[in-house]
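The values are calculated or read from the model by the stated rules, or taken from the named source; none is laboratory data. Please read these numbers as outputs of a predicted model, since none were measured by experiment. Note that each Cβ is placed from the backbone with ideal geometry, even for glycine, and that neighbours are counted across all protein chains shown. Ligands, DNA and RNA are excluded from the accessible area calculation, which covers all protein heavy atoms including side chains. Shrake-Rupley method; radii C 1.70, N 1.55, O 1.52, S 1.80 Å.
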Amino acid sequence: MRGIAVVTGASSGIGAATAHALAGDGWRVVVGARRADRIEAVATEIGARSHPLDVDDAGSVARFAAFVGATDEDEGGAVGPSRLLVNNAGGALGWAPVADADEHQWRAMYETNVLGAVRMIRALLPLLEAHGDGTIVTVGSIAGHEPYPNGAGYNAAKFAVRAVMSALRQELLGRPVRVCEVDPGMVETEFSLVRFGGDAERAAAVYEGVTPLTADDVAECIRWMAARPPHVNVDQLVVLARDQAGARQIHRHGAERD
Ligand SMILES: NC(=O)c1ccc[n+]([C@@H]2O[C@H](COP(=O)([O-])OP(=O)(O)OC[C@H]3O[C@@H](n4cnc5c(N)ncnc54)[C@H](OP(=O)(O)O)[C@@H]3O)[C@@H](O)[C@H]2O)c1
């Protein structure tokens with residue numbers, strides 16, 4: 001058995017798939033997200049524990065961290081060989097040029113993707129470090145490497161995630177916590193549905209003619225990163241579909257006939 005693995009945003013998409021992959025690899029998984037019914041269902045499927053979590057809310061993060069600490073004690077404390085935090089909760093809101101930026105959406109994206117990850121790191125770092133072999137994996141994005149028109153709010157948030165992870169890696173140098181990041185391209189999840197405010201047709205169009213990554217593809221990257229020996233830190237792993245060669249370069253099958 002490996003130790004405790006915490007997965008945020010585990011109620012759908014990459015987070016749910018990661019919880020499955022980690023449980024299958026022997027981790028004792030704790031899942032969190034705002035939709036309690038969804039995380040309970042994920043936990044039941046894989047024999048994990050769940051607790052509601054809103055990473056935007058410091059009080060919710062503190063209650064979740066207390067639950068993780070209690071779970072750790074229940075399950076034998078330092079018995080597991082390692083500890084893991086997967087900072088996955090996040091996403092994009094809206095699609096607009098900078099000239100029409102919606103400040104509410106920009107703040108919300110920064111709050112969840114950046115500050116949410118920072119809150120989780122602050123809350124769980126003592127547990128990760130105390131054990132002597134901790135790992136943090138944060139889900140960034142190709143959007144944090146290449147800005148694109150109409151995406152600046154999300155780009156700014158994911159660029160900030162990379163900056164935070166890079167600074168943290170340097171701050172923790174010499175301490176027993178790895179700091180890793182996986183930066184996927186297009187993955188078919190609820191991501192586009194959320195970005196376009198529930199517009200299913202618009203969300204489906206994002207993946208038209210493309211074979212995108214699946215949530216399981218990214219989950220497997222995270223499982224692999226976490227399973228490397230303790231001295232190996234996979235700093236950044238950029239993973240794109242074969243049909244994608246950058247944030248904006250996407251090959252759509254059938255489009256060549258249009
Ligand atoms: N899909 C892509 O193309 C893609 C590409 C690159 C990176 N990413 C990143 O991958 C991560 C996962 O996204 P996904 O594609 O799997 O989309 P998704 O299916 O929409 O999943 C997003 C998850 O984040 C959770 N979440 C959102 N706000 C939260 C909050 N305040 N507190 C706790 N949980 C919260 C959601 O749960 P609740 O709503 O239940 O809270 C949900 O479980 C995100 O960080 C996203 O930016 C996605």
key: Within region 186-216, considering residues that are touching a Leu at 6+ places or on another chain (Cβ under 7 Å) and closer than 21 Å to HIS145 by Cα, the one surrounded by the most Cβ atoms within 10 Å (Cβ to Cβ)   = VAL187
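Can you say whether ALA65 is more than 9 Å from the ligand (Cβ to nearest atom) and either buried (at least 17 other Cβ atoms within 10 Å of the Cβ) or of a type in the set (D, E, K, R) (or both), as far as the supplied structure shows? First the steps, then the outcome.
Numbers: more than 9 Å from the ligand (Cβ to nearest atom): yes; either buried (at least 17 other Cβ atoms within 10 Å of the Cβ) or of a type in the set (D, E, K, R) (or both): yes.
Yes.
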Answer residue from region 217-229, given it is away from the ligand (no atom under 12 Å from the Cβ) and open to solvent by 20 Å² or more (accessible area, probe 1.4 Å) and is farthest from ILE136 (Cα to Cα) among those = GLU220
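So which residues in region 173-194 are of a type in the set (A, V, I, L, M) and more than 16 Å from ASP235 (Cβ to Cβ), if there are any at all?
Narrowing region 173-194 to residues of a type in the set (A, V, I, L, M): 173, 177, 179, 182, 186-187, 193-194.
Result: MET186, VAL187, LEU193, VAL194.
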remark   = Subset of region 166-216, residues within 8 Å of the ligand (Cβ to nearest atom), under 17 Å from VAL139 (Cβ atoms) and in a helix (DSSP H, G or I), comes to PHE191, SER192, VAL194, ALA215
ask   = Identify, please: which residue in region 60-113 is at pLDDT 95 or above and polar (S, T, N, Q) and is, among those, nearest to ALA160 (Cα to Cα)?
value = ASN113
ask   = So how many residues does region 1-37 have that are open to solvent by 20 Å² or more (accessible area, probe 1.4 Å) and more than 6 Å from the ligand (Cβ to nearest atom)?
value = 10
ask   = Given the conditions (1) modelled with pLDDT of 95 or more; (2) farther than 24 Å from ASP133 by Cα; (3) open to solvent by less than 60 Å² (accessible area, probe 1.4 Å); (4) in a loop (DSSP other than H, G, I, E, B), and given that VAL234 satisfies all but one, which numbered condition is not satisfied?
value = (2)
task = Could you identify the single residue in VAL161, VAL139 that is open to solvent by less than 50 Å² (accessible area, probe 1.4 Å), within 20 Å of LEU213 (Cα to Cα) and within 13 Å of the chain's Cα centre (by Cα)?
result = VAL139
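Run down VAL177, VAL194, VAL187 and say which single residue is free of Cβ contacts under 8 Å to residues at least 60 places away in the same chain and either under 18 Å from ALA89 (Cβ atoms) or touching a helix residue (DSSP H, G or I) at 6+ places or on another chain (Cβ under 8 Å) (or both).
On the way: VAL194 fails: free of Cβ contacts under 8 Å to residues at least 60 places away in the same chain; VAL187 fails: free of Cβ contacts under 8 Å to residues at least 60 places away in the same chain.
Step by step, each of VAL177, VAL194, VAL187 is checked, and only VAL177 is free of Cβ contacts under 8 Å to residues at least 60 places away in the same chain and either under 18 Å from ALA89 (Cβ atoms) or touching a helix residue (DSSP H, G or I) at 6+ places or on another chain (Cβ under 8 Å) (or both).
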query = Are there any pairs, at least 6 apart or on different chains, whose C-beta atoms fall under 6 Å, with the first in region 41-59 and modelled with pLDDT of 95 or more and the second part of a helix (DSSP H, G or I) and open to solvent by 70 Å² or more (accessible area, probe 1.4 Å), and if so, which?
reply = ILE46/HIS20; SER50/GLU40
